[in-house]
Amino acid sequence: MGTIHAMQFHKLAWAAIGAAGLLFVVAADKPKPQPDLGVNASLHGLRVLPDDNPWNKDISKEPVDPNSATLIASIGKDKPLHPDFGTTWKGNPNGIPYVIVDNKQPMVKVDFTDYPADSDPGPYPIPANAPVEGGLKSDGDRHVLVLNRDTMKLYEMWRAFPSDDGKPFKAACGAVWDLKTGATRQAGWTSADAAGLPIFPGLVRYDEVVEQKEIRHALRFTIVHSRRGYVPPATHFASKSNDAKLPPMGMRVRLKADVDISKYPASTQVILKCMKTYGMIVADNGGDWFVSGSPDEKWDEDELLALGKIHGRDFEVVKMGQIVTK
């Protein structure tokens, strides 16, 4: 080969750098994934809150709370992790469903019956086929979750009752979340969740576990007995007990780093890895160690039930800040 003149070398080098820079710009400007429309539709890997939002924070290296052992014991060291979602349960989809809409969805008036002062006023973009948690005849929480993919606003209701006679939709309370900013509720306010948190960002979803094979956010879970207190990002408590041995709303736990998950089924490993990296947040009163997720007929129930091999003793509490008790 002949020698390359110094000037030619510099030209070639700058050309290579320019090409690399162009590739960088193209990659940086790559459009975000577009969620599908419909009930329990795929988000195709879209992260619904900013990367620096608490739900999306990697807490795997955070210090352990000094009261971790006591708090874990209050929930139950020997109690198993329970997937509160799956395919069907008693003839209805098992879990907290959601529906994705766009700006074409008509808005619906909503009357709030129990917590009107804490509720964000309507109208809400609720489609006629919006699924109700537990089914239309349910006497449970009856959550209704609607995500507008065009505005990235999330509309959530608790104890929601649709009307087919032209009267307003009714719900015990409701909250509207701007997922682009991730702003929290006003201090002391509840939401469709007892902790004043959004529900959708904390669900285990089929599209993440099976399609993306990765969950990049914390999960939502419930406990039977909570304390009269909360820590951010929660804004509300749902207990009369001042017992400091009980967890406050918003408390975060993580699966211990030394828990071996290598022999679990593939889908189970995705969920457990998430629990090590992003953890789980106490969001409501319910069953102990009940992990929330969305229903899907394609879930492998055996793989989900494998979560029950994990117990309370396998978790630790991430260090908390000041607990709000008033």
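The values are calculated or read from the model by the stated rules, or taken from the named source; none is laboratory data. Everything quoted here is computed from the prediction, not taken from an experiment. Positions of Cβ are backbone-derived with ideal geometry, glycine not excepted, and every protein chain shown enters the neighbour counts. Only protein heavy atoms, including side chains, enter the accessible area calculation; ligands, DNA and RNA are left aside. Shrake-Rupley method; radii C 1.70, N 1.55, O 1.52, S 1.80 Å.
Residues that are free of Cβ contacts under 8 Å to residues at least 60 places away in the same chain, within 16 Å of Asp284 (Cβ to Cβ) and among the aliphatic types (A, V, I, L, M) occur at least once in segment 168-177. Val26 meets the stated requirement of being modelled with pLDDT under 50 and open to solvent by 60 Å² or more (accessible area, probe 1.4 Å).
Only one of the numbered conditions (1) at pLDDT 95 or above; (2) surrounded by 20 or more Cβ atoms within 10 Å (Cβ to Cβ) is violated by Lys180, and that is (2).
Scanning segment 89-98 for residues that are surrounded by fewer than 22 Cβ atoms within 10 Å (Cβ to Cβ) and at positive phi returns Lys90, Gly91.
All conditions in (1) farther than 24 Å from Leu43 by Cα; (2) within 14 Å of the chain's Cα centre (by Cα) hold for Asp141, with the sole exception of (2).
Taking the conditions (1) in a strand (DSSP E or B); (2) open to solvent by 10 Å² or more (accessible area, probe 1.4 Å); (3) under 22 Å from Leu37 (Cβ atoms) in turn, Val146 satisfies each one other than (2). Among the residues making up segment 48-63, those that are crowded, with 17+ Cβ neighbours inside 10 Å and out of contact with any strand residue (DSSP E or B) (no Cβ under 7 Å at 6 or more places or on another chain) are Val48, Leu49, Asn53, Pro54, Trp55, Asn56, Lys57. Here are Tyr230, Tyr278, Tyr264: which of them is of a type in the set (Phe, Trp, Tyr), over 17 Å from the mean Cα position of the chain (by Cα) and closer than 26 Å to Thr190 by Cβ? Only one candidate qualifies: Tyr230. Checked against the criteria, Ala187 counts as open to solvent by 10 Å² or more (accessible area, probe 1.4 Å) and more than 15 Å from Asn285 (Cα to Cα). Residue count for segment 152-184, restricted to those that are over 17 Å from Val110 (Cβ atoms) and outside any strand (DSSP E or B): 7. Take the conditions (1) outside any strand (DSSP E or B); (2) open to solvent by 70 Å² or more (accessible area, probe 1.4 Å); (3) touching a Ser or Thr at 6+ places or on another chain (Cβ under 7 Å); (4) not polar (S, T, N, Q); Ala69 misses just one of them, which is (3). Scanning segment 85-98 for residues that are assigned to a loop (DSSP other than H, G, I, E, B) and under 24 Å from the mean Cα position of the chain (by Cα) returns Phe85, Gly86, Thr87, Asn94, Gly95, Ile96, Pro97, Tyr98.
Rundown of residues vs (1) in contact (Cβ under 8 Å) with a residue 40 or more places away in the chain; (2) part of a loop (DSSP other than H, G, I, E, B); (3) open to solvent by 10 Å² or more (accessible area, probe 1.4 Å); (4) of a type in the set (D, E, K, R), yes/no style:
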| residue | (1), (2), (3), (4) |
| --- | --- |
| Ser74 | yes, no, yes, no |
| Lys77 | yes, yes, yes, yes |
| Ile100 | yes, no, no, no |
| Pro106 | no, yes, yes, no |
| Ala117 | no, no, yes, no |
| Pro127 | no, yes, yes, no |
| Glu133 | no, yes, yes, yes |
